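Q: Would you mind keeping the following structure in view while I ask a few things?
The values are calculated or read from the model by the stated rules, or taken from the named source; none is laboratory data. Just so you know, these numbers come straight off a predicted model, no measurement behind them. So basically every Cβ, Gly included, is an ideal-geometry build from the backbone, and we count neighbours across all protein chains shown. Calculation scope for accessible area: heavy atoms of the full protein, side chains included, ligands and nucleic acids excluded. Shrake-Rupley method; radii C 1.70, N 1.55, O 1.52, S 1.80 Å.
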Amino acid sequence: MKSKVGFFKSIQFKLIIIYVLLILIAMQVIGVYFTKQLEDQLNQNHLQMLQERADFLAYNLAQIIPNSDSSSIEVEVNSLLRDLFDVRNPDVLVVDANQVVIGTSDISKRNIIGQQTNDVFIKRALVGTTDEGNFVDAQGNIYRSLVVPIMQRDNVIVGALQIQAPMDEIYDQMEQINGILLSGTTIALGITIILIVLVSQTITRPILDMRKQAMRMGHGDFSRKVRVFGSDEIGQLATSFNDLTSKLQDAITTRDREQKKLSSVLGNMTDGVIATDENGLVILMNKRAEELLGKATYEVIRKPITEVLKLSEVYHVNDLFDHDESLILDFSDDENAYMLQASFSVIQENDGPINGVITVLHDVTEQEQIEQDRREFVANVSHELRTPLTTMKSYLEALEDGAIEDQELGRRFLGVTQNETERMIRLVNDLLQLSKIDSRDYKLNLTTVDFGLYLHEVVDRFDMIAVNKNIHFTREITPKNTYVKMDRDKLTQVIDNIISNAMKYSPEGGNVTIRMEHYGKQIRVSIQDQGMGIPRESQQKIFDRFYRVDKARARSIGGTGLGLAIAKELVQAHSGEIWVESMYGKGTTIFFTLPFEKKKGGNK
């Protein structure tokens, strides 16, 4: 059962937050707008007052400065400042046309009277420019500065007037007003929270009741009904919820009954079954399908069926709805062959829309492999037999037509037919031996052999042939005691085949190296030639039946394409492994391993 919803995650808390935020935003918008307008108005009034005082003072100073001598002008200016300028704590400076200070309202600055000032704004005022602005002193107090020219009626500038008045009263008033707004906002928020708590309960109480019932329904309990508190929208929702509960109970009962039947059928099927919805997304998969695909249901649920079956590059989901024939799905990898057959059937009621598709899977790996092997075997055997038979037919027809009368030509034609006959005999013998190996219709005649001595004996048999072909043998066979339990005849066939191939594909004057060395509990034998080598893409295929790297040359020297396939089977029958290493154009080395003993009948 789900845990109870905390107060801070409840609808009631969200309603409170919403209304509080609305009130807060409204009060903030009103407060910001009001305080901004009020601050602008107070600043404007303060500036207007300073301009009026400055204009009035400049007018009176314009009458005094030109009509007073230097000895009395300071007294008259200071007297005028005291009498006419009533701004609180002003700092007023009067300068004549020569930039000489002739009066100040600050007693502590009387020592600058008679000195020339270099203030930029005063210089601008002496040419007729009025400047206004704010600045902050060292103590952090904000002042408004106003500089105006002192001008006579004929527009002759006789001096400049600078006023610096503090603005702390304005900001004190703004601070008081902001405090009042904050108090009002706090009171409004408190009243709003109380009202919202009371109002929200009328909304959340029936919702909480429906939530409890929904949680019960989630656990299969449909016996309880929710209370209907009124006939409003929430009351109608509660009534509909109760009706839904009854219908859902009936539907779930029916569904459970049908699902049990379906689960029983699917669980006992020997084929894999996958069901999709109308969009081709997987909604159901039985246990057998999980085994065949190697995936659990949760891994493929709600995934496209084409992706699950690896058909997305070839088919669209809609293509499978109309696909009447089964498909062979190839899930093979480099090591193992694995193939499934998939049959598709749409889910459709009468002639209505398609609701999905049912896919039935079963494993056809063995059948497909047998069929493929059969086709390849028949094709390869037919091809291998047709070539010598065609050759023999052609030469026999030539002999019948009179070539036999020519003694030299007749002998040559008969020699060709004899070689082709021997080639067919070798092919049939190889096929019979492979057939016995495949059917396990043979037994190994195991004896313990000194493998080093045995390998020398095998190579000795090829010395005469090698001399005739101008091919040299290099032996690198360890002298350590090496006893192998083996079937002498069958391993001789393996080594003969490998050495014969090395000699066939080696150039005249080439070298064939035979090595034997100990590798742990096994011996490793390698036979290396100096032929053309094997391309990389063909190296994994040379142990396949009937495979030839150079088909034309192999036939010309009598190869059947089965020698290495037989060698692989016989080496593996002796618990060994066989492989190839080759660099194209630089030669080929065939390796095989066998388990050995250091003492005859002793420990490995």
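Q: Determine whether region 111-124 contains at least one residue that is modelled with pLDDT under 80, open to solvent by 50 Å² or more (accessible area, probe 1.4 Å), over 21 Å from Asn155 (Cα atoms) and part of a helix (DSSP H, G or I).
A: yes
Q: Another question, if that's okay. Assess whether Ile163 counts as being among the aliphatic types (A, V, I, L, M) and assigned to a strand (DSSP E or B).
A: Values: among the aliphatic types (A, V, I, L, M): yes; assigned to a strand (DSSP E or B): yes.
When the stated conditions are applied, Ile163 passes them.
Q: Taking the condition open to solvent by less than 80 Å² (accessible area, probe 1.4 Å), assigned to a helix (DSSP H, G or I) and either farther than 19 Å from Lys586 by Cβ or in contact (Cβ under 8 Å) with a residue 24 or more places away in the chain (or both), does Ile499 pass?
A: Yes; evaluated as a whole, the condition is true for this residue.
Q: Right, something else. Being within 30 Å of Ile495 (Cα to Cα) and modelled with pLDDT of 75 or more narrows it down to one residue among Leu453, Leu396; which is it?
A: Leu453
Q: Identify, please: which residue in region 166-185 is closer than 18 Å to Gln139 by Cβ, in a helix (DSSP H, G or I) and touching a residue at least 40 places away in the same chain (Cβ under 8 Å) and is, among those, least open to solvent (accessible area, probe 1.4 Å)? Before the answer, list the steps.
A: So the first thing to find is which residues in region 166-185 are closer than 18 Å to Gln139 by Cβ, and the list is 166-172, 175.
In the following step, the residues that additionally are in a helix (DSSP H, G or I) were identified as 168-172, 175.
In the following step, the residues that additionally are touching a residue at least 40 places away in the same chain (Cβ under 8 Å) were identified as 169-170.
Values: Glu169: 93, Ile170: 13 Å².
Once the filter is applied, the top-ranked residue is Ile170.
Q: Given Lys541, Lys521, which one is modelled with pLDDT of 85 or more and open to solvent by 40 Å² or more (accessible area, probe 1.4 Å)?
A: Lys521
Q: Taking Val265 as the residue in question, decide whether it is in a strand (DSSP E or B) and open to solvent by less than 90 Å² (accessible area, probe 1.4 Å).
A: Working: in a strand (DSSP E or B): no; open to solvent by less than 90 Å² (accessible area, probe 1.4 Å): yes.
Against the criterion (in a strand (DSSP E or B) and open to solvent by less than 90 Å² (accessible area, probe 1.4 Å)), Val265 does not qualify.
Q: Which number in (1) assigned to a helix (DSSP H, G or I); (2) closer than 17 Å to Leu361 by Cα; (3) of a type outside the set (A, V, I, L, M, F, W, C); (4) under 27 Å from the mean Cα position of the chain (by Cα) marks the one condition that Lys295 misses?
A: Evaluating Lys295 over (1) assigned to a helix (DSSP H, G or I); (2) closer than 17 Å to Leu361 by Cα; (3) of a type outside the set (A, V, I, L, M, F, W, C); (4) under 27 Å from the mean Cα position of the chain (by Cα) leaves (1) as the failure.
Q: Now for a different question. Select from region 558-604 the residues that are in a loop (DSSP other than H, G, I, E, B) and small (Gly, Ala, Ser) and write down the one among them that is modelled with the lowest pLDDT.
A: That would be Gly558.
Q: State which residue pairs qualify: first residue in a helix (DSSP H, G or I) and inside region 44-65, second residue polar (S, T, N, Q) and open to solvent by 20 Å² or more (accessible area, probe 1.4 Å) in any location, beta carbons under 6 Å apart, and separation of 6 or more residues or different chains.
A: Between residues of region 44-65 that are in a helix (DSSP H, G or I) and residues that are polar (S, T, N, Q) and open to solvent by 20 Å² or more (accessible area, probe 1.4 Å), the close pairs are Ala62/Gln152.
Q: State all residues of region 382-393 that are at pLDDT 70 or above and open to solvent by 60 Å² or more (accessible area, probe 1.4 Å); if no residue qualifies, say none.
A: Listed by number, the residues that qualify are Arg386, Leu389, Thr390, Lys393.
Q: Scan region 298-331 for residues that are among the aliphatic types (A, V, I, L, M), assigned to a loop (DSSP other than H, G, I, E, B) and more than 19 Å from Asn355 (Cα to Cα) and jot them down.
A: Matches in region 298-331: Leu309, Leu311, Val314.
Q: From the list Val484, Val458, which residue is assigned to a helix (DSSP H, G or I), surrounded by 12 or more Cβ atoms within 10 Å (Cβ to Cβ) and at pLDDT 85 or above? Working first, answer last.
A: Values: Val484 fails: assigned to a helix (DSSP H, G or I).
Selected residue: Val458, the only one of Val484, Val458 that is assigned to a helix (DSSP H, G or I), surrounded by 12 or more Cβ atoms within 10 Å (Cβ to Cβ) and at pLDDT 85 or above.
Q: Scan region 125-151 for residues that are among the aliphatic types (A, V, I, L, M), closer than 21 Å to Ala62 by Cα, open to solvent by 50 Å² or more (accessible area, probe 1.4 Å) and not in a loop (DSSP other than H, G, I, E, B) and report the count.
A: Of the residues in that region, 1 qualify.
Q: Another question, then. Show the residue pairs that are 6+ apart or on different chains and have beta-carbon atoms under 6 Å apart, the first residue being within region 564-575 and under 17 Å from Gln539 (Cα atoms), the second being open to solvent by 40 Å² or more (accessible area, probe 1.4 Å) and not in a helix (DSSP H, G or I).
A: Going by the 6 Å Cβ cut-off, the qualifying pairs are Ala565/Arg545.
Table: residues versus (1) under 60 Å from the mean Cα position of the chain (by Cα); (2) buried (at least 16 other Cβ atoms within 10 Å of the Cβ); (3) at pLDDT 65 or above.
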position	(1), (2), (3)
Met1	yes, no, no
Val20	yes, yes, yes
Tyr33	yes, no, yes
Leu42	no, yes, yes
Gln48	no, no, yes
Asp55	no, no, yes
Ile64	no, yes, yes
Ile73	no, yes, no
Leu80	no, yes, yes
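Q: Separate question: In region 276-292, what residues are open to solvent by less than 10 Å² (accessible area, probe 1.4 Å), of a type outside the set (S, T, N, Q) and part of a strand (DSSP E or B)?
A: Selection gives Val282 alone.
Q: Counting just the residues of region 570-598 that are hydroxyl-bearing (Ser, Thr, Tyr) and crowded, with 17+ Cβ neighbours inside 10 Å, which one comes out nearest to the chain's Cα centre (by Cα)?
A: Ser582
Q: When region 294-329 is examined, which residues are found to be in contact with an Asp or Glu (Cβ under 9 Å, 6 or more places away or on another chain) and either under 30 Å from Gln540 (Cα atoms) or of a type in the set (S, T, N, Q) (or both)?
A: Scanning region 294-329 gives Thr297, Thr306, Lys310, Leu311, Ile328.
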